[in-house]
Amino acid sequence: MNDTELLDVLCARRGIVCAVGAGGKKTTLYRLLRAHPGRAAFTSTVFTYTFPEDLAAHPIVDAPERIVARVLAAGGAHRKLAFASPSDKPGRLVGLTPAQVTECHARGGFDVTLVKADGARMRVIKAPDAHEPNLVPDAATVLALVSARAIGLPLSARCAHRPERVAAVTGARAGEPLTPRHIAALIASPDGLLRGVGDARVVPVINMADSESERAAALEAARIALDSSDRYDRVVVAAMHADDPIVAVLERRRA
């Protein structure tokens, strides 16, 4: 599968696409940005990291009160943009408000705006707190990510962001190895990766399925997740750093 087809698998050709959860949000969004043949943008509603030099998008970093105007002014000269506001922390950037993202998308004439809408502190699994994620209300698609590498690891702060929330949502106890069933519960729960998604199309992504054992465990989790909720019609197993990023697409059988 090529990267252009990836846009269709993840429902990321048009509209505002938000990524939540843990396990490769930026990698996924950057890959979609590079693959998109039209006008595309990357931004964030939470803290993010300095844009990589190979992103192939024009970077704009400016104060919150000027960022929208800068984006709109640059839109005519650049097909792809990445934009955020500066942070006082080295290597980090501050996200826009959801309203600013909506304005930039609508007035900037983008085909798609890709939004990092959740933070996970580089962990491989997370469940949201009450104030998370910071979704754009009119998002067309929400990509709900979790890493296959979490499966088999004992639940702790070493692998999980907000491990107490992961425990509450999945039923896993602190120190207990996470199973495919725990991952599926996180994906399917309204208090897990479905929190706040509204009417957006949801595409769960079990990423980082790089080894045979990770792929087998991820496929098991995907099958359980697909049977656990009718809020989504497919679960994608992926390895976003691979040349071919899609391991499998499990879709619900239609009557």
Scan region 55-68 and tell me whether some residue there is under 30 Å from Leu186 (Cα atoms) and among the small types (Gly, Ala, Ser). no
Of the conditions (1) modelled with pLDDT under 95; (2) part of a loop (DSSP other than H, G, I, E, B), Asp54 satisfies every one except a single condition; which number is it? (2)
When you scan region 151-163, do you find a residue that is in contact with a helix residue (DSSP H, G or I) (Cβ under 8 Å, 6 or more places away or on another chain), part of a loop (DSSP other than H, G, I, E, B), β-branched (Val, Ile, Thr) and modelled with pLDDT of 95 or more, even just one? yes
Out of Gly38, Gly119, report the one residue that is surrounded by fewer than 19 Cβ atoms within 10 Å (Cβ to Cβ), in contact with a Phe, Trp or Tyr (Cβ under 9 Å, 6 or more places away or on another chain) and either on the phi > 0 side of the Ramachandran plot or touching a residue at least 12 places away in the same chain (Cβ under 8 Å) (or both). Gly38
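Determine, yes or no, whether Ala216 is part of a loop (DSSP other than H, G, I, E, B) and small (Gly, Ala, Ser).
No; evaluated as a whole, the condition is false for this residue.
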Loosely packed, with under 15 Cβ neighbours inside 10 Å, of a type in the set (A, V, I, L, M, F, W, C) and modelled with pLDDT under 95, is that true of Ala255? yes
Between residues in region 64-93 that are free of Cβ contacts under 8 Å to residues at least 24 places away in the same chain and assigned to a strand (DSSP E or B) and residues that are charged (D, E, K, R) and surrounded by fewer than 16 Cβ atoms within 10 Å (Cβ to Cβ), which pairs lie under 9 Å by C-beta distance while being six or more apart or on different chains? none
Restricting attention to region 198-205, does a residue exist that is closer than 16 Å to Leu10 by Cα, surrounded by fewer than 24 Cβ atoms within 10 Å (Cβ to Cβ) and touching a Lys or Arg at 6+ places or on another chain (Cβ under 8 Å)? yes
Filter region 1-35 down to residues that are surrounded by fewer than 24 Cβ atoms within 10 Å (Cβ to Cβ) and among the β-branched types (Val, Ile, Thr) and give me whichever is modelled with the lowest pLDDT. Thr4
It is to be established whether one or more residues within region 98-114 are under 30 Å from Ile183 (Cβ atoms) and surrounded by fewer than 19 Cβ atoms within 10 Å (Cβ to Cβ). no
Sort out which residues of region 233-251 are β-branched (Val, Ile, Thr), touching a residue at least 40 places away in the same chain (Cβ under 8 Å) and surrounded by 18 or more Cβ atoms within 10 Å (Cβ to Cβ), and write them in order of number. Val235, Val236, Val237, Ile246
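In contact (Cβ under 8 Å) with a residue 60 or more places away in the chain and closer than 13 Å to Leu145 by Cβ: which single residue out of Ala209, Ala200, Ala225 fits that description?
Values: Ala200 fails: closer than 13 Å to Leu145 by Cβ; Ala225 fails: in contact (Cβ under 8 Å) with a residue 60 or more places away in the chain.
Only one candidate passes the filter, namely Ala209.
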Total residues in region 123-162, condition touching a Pro at 6+ places or on another chain (Cβ under 8 Å) and without any contact (Cβ under 8 Å) to a residue 60 or more places away in the chain: 6
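Taking the options Ala167, Ala172, Ala160, name whichever one is touching a His at 6+ places or on another chain (Cβ under 6 Å) and farther than 20 Å from Arg234 by Cβ.
Ala172
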Can you tell me which condition Leu194 does not meet? The list is (1) modelled with pLDDT of 95 or more; (2) in a loop (DSSP other than H, G, I, E, B); (3) more than 23 Å from Val115 (Cβ to Cβ); (4) among the hydrophobic types (A, V, I, L, M, F, W, C), and all the others hold. (3)
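The values are calculated or read from the model by the stated rules, or taken from the named source; none is laboratory data. Here the structure is a predicted model, which means the values were calculated and not measured. All Cβ positions, even for glycine, are placed from backbone atoms using ideal geometry, and neighbour counts span all protein chains on display.
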